[in-house]
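A short write-up of the structure that comes next.
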Amino acid sequence: RDYNEGVHALSHALVAVAPLFVPCCTMADINCDHTIFDCTRVCLFDMRAGGAGMCAQLWKCIFVPDGLVEAAVDLIENCTQCRHDRGYDGGCPACLQFGQCLRFNQGLSRSAALTIGKRMVKRIQNTELYKRNAALLSAESEENNNNNNNN
């Protein structure tokens, strides 16, 4: 049960942070899978028929430092509205609760979402794609610093 609720909550957090990564994307543009039992995946999809390309753009934000999954974990872990509420694990409208939830925001677990999300981040960081993107970003940053120092 906790795993299902964690996947559900992590999916909501990913939807919540998506507009930070894709210009013109709102929470109304994408949705997530709301499977109730035996959740085995986190699945986001475009809400418009035929797709608007939001999820295709989000995909590019996963295997990069400070990417989509890391932002979702940060939101869950550091929500200023509910992180200190030890009696309730379902999140709040600022982090997990989502107006388009087909399950009416029932069955959300912040603690399970953190466990799953952190595990996903570690697995993402161990991929060759992530490592390559991190190296490219580091090289670009170093080049920008050198150019700024020369001016």
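The values are calculated or read from the model by the stated rules, or taken from the named source; none is laboratory data. Worth saying up front: this structure is predicted, and the values here are computed from it rather than measured. Here the Cβ is made from the backbone with ideal geometry for all residues, glycine too, and neighbour counts use every protein chain on show. These accessible areas exclude ligands, DNA and RNA; they are computed on the full protein's heavy atoms, side chains included. Shrake-Rupley method; radii C 1.70, N 1.55, O 1.52, S 1.80 Å.
Which trypsin sites (Lys or Arg not before Pro) in segment 48-122 sit in a loop by DSSP (not H, G, I, E or B) and have at most 16 other Cβ atoms within 10 Å of their own Cβ?
Values: sites: ARG48, LYS60, ARG83, ARG86, ARG103, ARG110, LYS118, ARG119, LYS122; in loops: ARG48, LYS60, ARG83, ARG86, ARG103.
Those that pass, being in a loop and sparsely packed, are ARG48, LYS60, ARG83, ARG86, ARG103.
Name every cysteine in the chain that ends up alone, with no second cysteine's Cβ under 4.7 Å, or say none.
CYS24, CYS25, CYS32, CYS39, CYS43, CYS55, CYS61, CYS101
Compute the accessible area per residue over the chain, keeping the other protein chains in place, probe 1.4 Å, unit Å². Spell out each step's value before the answer.
Values: 9010 Å² over 151 residues.
Using a 1.4 Å probe on heavy atoms only, each residue of the chain averages 60 Å².
Could you tell me the center-to-center distance, by alpha carbons, between segment 47-116 and segment 4-20 in angstrom?
Segment 47-116 and segment 4-20 have Cα centres separated by 2 Å.
Which peptide among 94-101, 6-13 comes first, and what is the full order, when sorted by highest mean count of other Cβ atoms within 10 Å?
Details: 94-101: 18.4, 6-13: 27.2.
Listed from highest to lowest mean packing, they are 6-13, 94-101.
Viscosity 0.890 mPa s, temperature 25 °C: give me the Stokes-Einstein translational D for the chain in µm²/s, with Rh taken as the Kirkwood radius over C-alpha pairs. Provide the component values of the computation, followed by the final result.
Numbers: Rh = 16.3 Å.
Taking Rh from Cα pairs, D becomes 150 µm²/s.
Quick one: angle between helix 128-150 and the longest Cα principal axis of the chain, in degrees between 0 and 90, rounded to 10, please.
Roughly 50 degrees, rounded to the nearest 10.
With Cβ to Cβ distances under 13 Å as the rule, what net charge do the other residues near ALA28 carry (K, R +1; D, E -1)?
On the way: positive: ARG48; negative: ASP29, ASP46.
Result for the neighbourhood of ALA28: -1.
Based on C-alpha coordinates, I'd like the Rg and Dmax of segment 1-76, in Å.
When restricted to the Cα atoms of segment 1-76, Rg and Dmax are 12.1, 35 Å.
Within segment 33-151, what whole-number % of the accessible surface is contributed by carbon and sulfur, with the 1.4 Å probe and all protein chains included in the calculation?
Values: 3900 of 7800 Å².
Carbon plus sulfur share of accessible area: 50 percent.
With only alpha-carbon atoms counted, please give the Rg and Dmax of segment 7-47, in Å.
Rg, Dmax (Cα atoms, Å): 10.4, 33.
Given H placed 1.01 Å from N in the peptide plane, which residues other than close sequence neighbours of ILE30 have an amide H under 5 Å from its amide H?
For ILE30, the qualifying residues are MET47.
May I ask you to list the chymotrypsin sites (Phe, Trp or Tyr not before Pro) in segment 1-66 that are in a DSSP loop and have at most 14 other Cβ atoms within 10 Å of their Cβ?
On the way: sites: TYR3, PHE21, PHE37, PHE45, TRP59, PHE63; in loops: PHE21, PHE37, PHE63.
Filter output for segment 1-66: PHE37.
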